[in-house]
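The values are calculated or read from the model by the stated rules, or taken from the named source; none is laboratory data. Computed from a prediction, not measured in an experiment: that's the story for all the values here. Quick reminder, even Gly has a Cβ in these numbers, built from the backbone with ideal geometry, and neighbours come from all protein chains shown. Please note that ligands, DNA and RNA were not included when accessible areas were found on the heavy atoms of the full protein model with its side chains. Shrake-Rupley method; radii C 1.70, N 1.55, O 1.52, S 1.80 Å.
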Amino acid sequence: MTRDLGSLLAELESAGVRLWARDGAVHYDGPSTALPTGVLDELRAQRPELLRRLTVSAQGVTVVPAGAEHLRMWRSMRTVPRPEVWINSFSAHTGARIDVDVLRAAMDDVVARHESLRAGFAEGEDGGLGMSVHPSASARVEILDADPAELSNARGIQARCLRFAGEPLDLTRPPLLRLGVLRHERDGRADDVLALAFHHLIADGVTLEILGDELGARYRARLKGEPGELPPAQPYSGFLEQERRWIETELDEAVETRAAHLGTSSAVLTFPEDPDADPESTDNVSFLTLDDADSALFTEAVRRARLSEFAVMLAALNVLMTEVTGASDYVLAVSAACRVPEFAETVGLVRRHVPVRLRALAGDSWADLARRALDDLGEAMAYPLLSLEALRERWAPGGAADFPQLVVTHLPEMRLGVDLGDGLVLWEECPLPGARAGIGMIMRKDAGRVSGGFEIAGALASARTRQRWLDRYGALLVEAARDLDAPLPPHPRAAGPAPLSTAGGTR
């Protein structure tokens, strides 16, 4: 006869047995004599209820396995052990005086809605990374002190916001985000600055839009004393569970298909040595924006050719990397939102790094290369949950520890901001210094103007080299826009792999 589970657990605890749940399985340690076959059979018979109880502690904290992207980032955090590098920081001039008490209550409303905002992270005794979802968490919202000299100019305001963002976070204690308010005036009128900082483990740029919308809605409602109901939140744990099911049932087939498609393309690029490169450098970001005329030329050329702007941007990047490294057939990672209908409004780490093959063939025009890039992107997006690590092990085992070196993010023109009652104010990113690893590139449109940015690890390139690459990228965008049917420019770099492949490329 099976005993009541509560009584059985109490008996095991008194015998020195500890039980815990991880990855859908029950684990235990303690004296072997306390777990004879009969007791194990009793536990197996009540496994569903046992798992449910073990995932909820006395404080109501639910522990679930972290997602694939959490694991990838956790490993990267060990490689680049600078905690501030993994914090996303934004600020916005509100044009108003912020009621901090109302803001704090509004932020608590938002935190209460979303599991990821009430989550902490820690490794268990078995070495697995767990996400602990707490039943409640109070957001840190405070007025920031500042020297009057800092408030007199934009650079000083940003410096104060960065100091606030860079303060340490205990990753085990949610929420892993905070809001700060700088009292500020412009032309005699209130213009408080709102600073937002959150750890990349709990959210990304995709979810910033949802956070801004909900924070603004709750602030306005509380300020007016109105209910201001929001639609039901979508649980992030549900998104992670769907990802786990996909990995269990479809990962092998996806890896097989994608590995075959990537074929003999290069997994790792060989960059020329830069004598001025500094591995200790933390000022590793550069941006470039085309002027109005060149931006308009680019936008119109892409429209007439019925191409996507992102595809032409990828074509320009391919040419640039061929000139720099000599490789014209290689794989990069595109940072893309993994949005499935039932979790389209989920707040959490929903971006995935999707492997995309960029491949220039002999005789290509700009349009040919852009269309191939678009086709390859479509192939990759058919498997948005594919783990880069799983793909690497099958496609390039042992020889591509640095893959992917190049990560590209495309940001179409989006109005990311918050409305606290006086109209939408846009977030301005305040990147904390320090490149994570390899090369990160942002391609975007901002107020109609085409722009791009490089974040390059100091060991790869100096500031001068980084800016030279970025300037060349801008020139290539304009060259493509002038005639998308023109052949690709010749590549002056002689060293390294063949500049243009004639078929599938070379490894």
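Restricting attention to region 320-352, and to residues there that are within 17 Å of Gly378 (Cα to Cα) and of a type in the set (Ser, Thr, Tyr), which single residue is modelled with the lowest pLDDT?
Ser335
Scan region 130-157 for residues that are under 30 Å from Ser116 (Cα atoms), surrounded by 18 or more Cβ atoms within 10 Å (Cβ to Cβ) and either modelled with pLDDT of 90 or more or in contact with a strand residue (DSSP E or B) (Cβ under 7 Å, 6 or more places away or on another chain) (or both) and report the count.
Residues meeting the conditions: 8.
Does Ala112 satisfy being open to solvent by less than 10 Å² (accessible area, probe 1.4 Å) and out of contact with any Leu (no Cβ under 7 Å at 6 or more places or on another chain)?
no
Looking at Val334, Val350, Val255 in this structure, which one is touching a strand residue (DSSP E or B) at 6+ places or on another chain (Cβ under 7 Å) and under 30 Å from Leu361 (Cβ atoms)?
Val334
For the list (1) in a helix (DSSP H, G or I); (2) surrounded by fewer than 17 Cβ atoms within 10 Å (Cβ to Cβ), I need the number of the one condition that Leu211 fails.
(2)
In region 346-368, how many residues are open to solvent by less than 10 Å² (accessible area, probe 1.4 Å), assigned to a loop (DSSP other than H, G, I, E, B) and on the phi < 0 side of the Ramachandran plot?
Residues meeting the conditions: 5.
In region 116-161, which residues are within 21 Å of the chain's Cα centre (by Cα) and without any contact (Cβ under 8 Å) to a residue 12 or more places away in the chain?
Selection gives Glu123 alone.
Please name all residue pairs, on different chains or six or more residues apart, with Cβ atoms under 8 Å, provided the first residue is in region 479-490 and is under 19 Å from Asp294 (Cβ atoms) and without any contact (Cβ under 8 Å) to a residue 60 or more places away in the chain and the second residue is assigned to a helix (DSSP H, G or I) and open to solvent by 20 Å² or more (accessible area, probe 1.4 Å).
none
Within region 158-175, take every residue that is surrounded by fewer than 19 Cβ atoms within 10 Å (Cβ to Cβ) and of a type in the set (Lys, Arg) and give me the one that is modelled with the lowest pLDDT.
Across region 158-175, the extreme among qualifying residues is Arg173.
Evaluate the following for Ser328: is it within 23 Å of the chain's Cα centre (by Cα) and farther than 30 Å from Leu201 by Cα?
It is false that Ser328 is within 23 Å of the chain's Cα centre (by Cα) and farther than 30 Å from Leu201 by Cα.
Hey, can you tell me all the residues within region 192-209 that are of a type in the set (A, V, I, L, M) and more than 15 Å from the chain's Cα centre (by Cα)?
Val193, Leu194, Ala195, Leu196
Filter region 243-301 for residues that are β-branched (Val, Ile, Thr), under 26 Å from the mean Cα position of the chain (by Cα) and modelled with pLDDT of 85 or more and give the result.
Those that are β-branched (Val, Ile, Thr), under 26 Å from the mean Cα position of the chain (by Cα) and modelled with pLDDT of 85 or more: Ile247, Thr249, Val255, Thr257, Thr270, Thr289.
Residues checked against (1) modelled with pLDDT of 90 or more; (2) within 24 Å of the chain's Cα centre (by Cα); (3) under 29 Å from Leu416 (Cβ atoms):
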| residue | (1), (2), (3) |
| --- | --- |
| Ser451 | no, yes, yes |
| Tyr473 | yes, yes, yes |
| Leu476 | yes, no, yes |
| Asp483 | yes, no, no |
| Pro487 | yes, no, no |
| His491 | no, no, no |
| Ala503 | no, no, no |
| Thr506 | no, no, no |
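Mind counting the residues in region 47-91 that are at pLDDT 80 or above, in a loop (DSSP other than H, G, I, E, B) and either among the β-branched types (Val, Ile, Thr) or exposed (fewer than 13 other Cβ atoms within 10 Å of the Cβ) (or both)?
Number of matching residues: 1.
With the condition kept exactly as written, say whether any residue in region 334-345 is more than 26 Å from Leu176 (Cα to Cα) and open to solvent by 40 Å² or more (accessible area, probe 1.4 Å).
Just the residues of region 334-345 that are more than 26 Å from Leu176 (Cα to Cα), to begin with: 341.
Next, only the ones that are open to solvent by 40 Å² or more (accessible area, probe 1.4 Å) stay: 341.
Yes - at least one qualifying residue is present in region 334-345.
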